[in-house]
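The values are calculated or read from the model by the stated rules, or taken from the named source; none is laboratory data. Predicted, not measured: the structure shown is a model, and the values here were computed from it. Don't worry about glycine lacking a Cβ; one is built from the backbone with ideal geometry, like all the others, and counts go over all protein chains shown. Surface accessibility is based on the protein's heavy atoms, side chains included, excluding ligands, DNA and RNA. Shrake-Rupley method; radii C 1.70, N 1.55, O 1.52, S 1.80 Å.
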Amino acid sequence: MAHLTLMMIKPDAVENGHIGNILEKVTAAGFKIKALKLTQLTQRDAESFYAVHSERPFFGELVSFMTRGPIVAALLEKENAVSDFRTLIGATNPAEAAEGTLRKLYATSMGENAVHGSDSDENAMLEAAFHFSERERF
Ligand code: CMP
């Protein structure tokens, strides 16, 4: 059965010109793009998207990073989308990410780690609703 996950190409990877490379690897890995946009998070958007991390010491840094420039948001479909996409992106810390993963290839640090992937089917649905209206999904 096909599942959905929500990807964001974060501001660092957009700044560094990696949008095309990342979309190529994502589709080559078997993910189908169901929705796609270039957008920029406001402070309020980022605080709400990352509310689960609001007590963490890096929260301020995370919000200022995620709002500093455009991102690409995409809704992706594949069997086992959430876990397969997390395997494709690699560990949060790029120094620990496996060879060939998106973070190994494109991330620069733990904070600026190039790509977001949903951590559960439930959060994928919430994150999809955060970024896309029904008419933006195909
Ligand atoms: P992600 O796992 O996509 O979502 C939470 C984000 O918080 C994570 O990516 C990093 O961008 C950021 N993050 C997690 N841990 C740290 C940390 N120790 N220092 C800075 N940022 C972090």
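Data for the structure
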item: The lone exception for SER109 - which of (1) within 24 Å of ALA129 (Cα to Cα); (2) within 11 Å of the ligand (Cβ to nearest atom) it fails; result: (1)
item: Hits in the stretch 78-122 - residues which are among the polar types (S, T, N, Q), out of contact with any Ser or Thr (no Cβ under 7 Å at 6 or more places or on another chain) and in contact (Cβ under 8 Å) with a residue 40 or more places away in the chain; result: ASN80, THR108
item: Members of the stretch 65-89 found to be away from the ligand (no atom under 11 Å from the Cβ) and open to solvent by 10 Å² or more (accessible area, probe 1.4 Å), listed by number; result: THR67, ARG68, PRO70, GLU77, LYS78, GLU79, ASN80, VAL82, SER83, ASP84, THR87, LEU88
item: The stretch 124-138: number of residues that are under 22 Å from PHE65 (Cα atoms) and in contact (Cβ under 8 Å) with a residue 12 or more places away in the chain; result: 6
